[in-house]
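Chemist: Here it is: the structure, laid out below.
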Amino acid sequence: EPEVTQTPSHQVTQMGQEVILRCVPISNHLYFYWYRQILGQKVEFLVSFYNNEISEKSEIFDDQFSVERPDGSNFTLKIRSTKLEDSAMYFCASSSGQISGNTIYFGEGSWLTVV
Amino acid sequence: AQSVAQPEDQVNVAEGNPLTVKCTYSVSGNPYLFWYVQYPNRGLQFLLKYITGDNLVKGSYGFEAEFNKSQTSFHLKKPSALVSDSALYFCAVRDWNDYKLSFGAGTTVTVRA
């Protein structure tokens, strides 16, 4: 079964450093997402991406964050100048369509620890 | 705005007994409802969804869910729970015109042998 793959599975970084989380969405999917889950809290939407541009973003997704699809397969989340409160599990996801009934498939997550 | 509530933080059942995980939702239009499961140190796995049609939806691993429009609920059920069903379960909703999923807080299910 096709799946979304994410790297790294776990990253520890110093506060103030830049982090790039990488994702390979399911190959025929066209819509890409990042969600995050702070320990003990809800899974929260960050951003959706289609046709090489952001289609929607949450209030969490401020100027500290950016997304990019640098080639035909990868989808990345960059976090500039990381803060302690950025520590969370970050999930990449993809779907074949963006109508509400389409299933969004998630990766295994990248656990980011900011120290 | 769309939202989901999972009223129980934890559900404990004995193996072989029925399992129910509750979910209620709020949307402005027609809801699209999903259940995901998260095993320890793993990602979110899709279980099932309701879009339209039959109110009883069947999904992976023997799970099913019943959509009830009048009660705005979408409870997850399994007739006979297994120890391997122990995990964190998330209900999620998408409004008809929204790109994003809104998740509930999650319910931890523990099935004891």
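The values are calculated or read from the model by the stated rules, or taken from the named source; none is laboratory data. Computed from a prediction, not measured in an experiment: that's the story for all the values here. Neighbour counts are summed over all protein chains in view; Cβ atoms, including those assigned to glycine, are modelled from backbone coordinates with ideal geometry. Side chains included, ligands, DNA and RNA excluded: accessible areas come from the protein's heavy atoms. Shrake-Rupley method; radii C 1.70, N 1.55, O 1.52, S 1.80 Å.
Chemist: Looking at the range B:33-55, can you tell me whether even one residue there is more than 22 Å from A:Tyr33 (Cα to Cα) and either among the acidic types (Asp, Glu) or modelled with pLDDT of 95 or more (or both)?
Modeler: Within the range B:33-55 (the criterion being more than 22 Å from A:Tyr33 (Cα to Cα) and either among the acidic types (Asp, Glu) or modelled with pLDDT of 95 or more (or both)), the answer is yes, since at least one residue qualifies.
Chemist: Condition test on A:Phe45, is it on the phi < 0 side of the Ramachandran plot, within 9 Å of chain B (Cβ to nearest Cβ) and either in a loop (DSSP other than H, G, I, E, B) or open to solvent by less than 50 Å² (accessible area, probe 1.4 Å) (or both)?
Modeler: Considered against the rule, which asks whether it is on the phi < 0 side of the Ramachandran plot, within 9 Å of chain B (Cβ to nearest Cβ) and either in a loop (DSSP other than H, G, I, E, B) or open to solvent by less than 50 Å² (accessible area, probe 1.4 Å) (or both), A:Phe45 comes out as yes.
Chemist: When the residues of the range B:35-45 are filtered to those that are over 15 Å from B:Gly104 (Cβ atoms) and either assigned to a strand (DSSP E or B) or of a type in the set (Gly, Ala, Ser) (or both), which remaining residue is farthest from the other protein chains (Cβ to nearest Cβ)?
Modeler: Among those residues, the one meeting the criterion is B:Gln45.
Chemist: Separate question: Hey, which of the strands (runs of 3 or more DSSP E) in the range A:53-115, taking only ones fully inside, have at least 2 residues that are among the aromatic types (Phe, Trp, Tyr) and open to solvent by less than 50 Å² (accessible area, probe 1.4 Å)?
Modeler: Fully inside the range A:53-115 and qualifying: A:88-95.
Chemist: Only one of (1) open to solvent by 50 Å² or more (accessible area, probe 1.4 Å); (2) within 12 Å of chain A (Cβ to nearest Cβ); (3) under 12 Å from the mean Cα position of the chain (by Cα) is not met by B:Ala92, so which one is it?
Modeler: (1)
Chemist: Regarding B:Lys77, is this residue open to solvent by 30 Å² or more (accessible area, probe 1.4 Å), in a strand (DSSP E or B), charged (D, E, K, R) and farther than 27 Å from A:Glu59 by Cβ?
Modeler: yes
Chemist: Got at least one residue in the range B:15-32 being open to solvent by less than 50 Å² (accessible area, probe 1.4 Å), in a strand (DSSP E or B) and facing chain A (nearest Cβ under 10 Å)?
Modeler: yes
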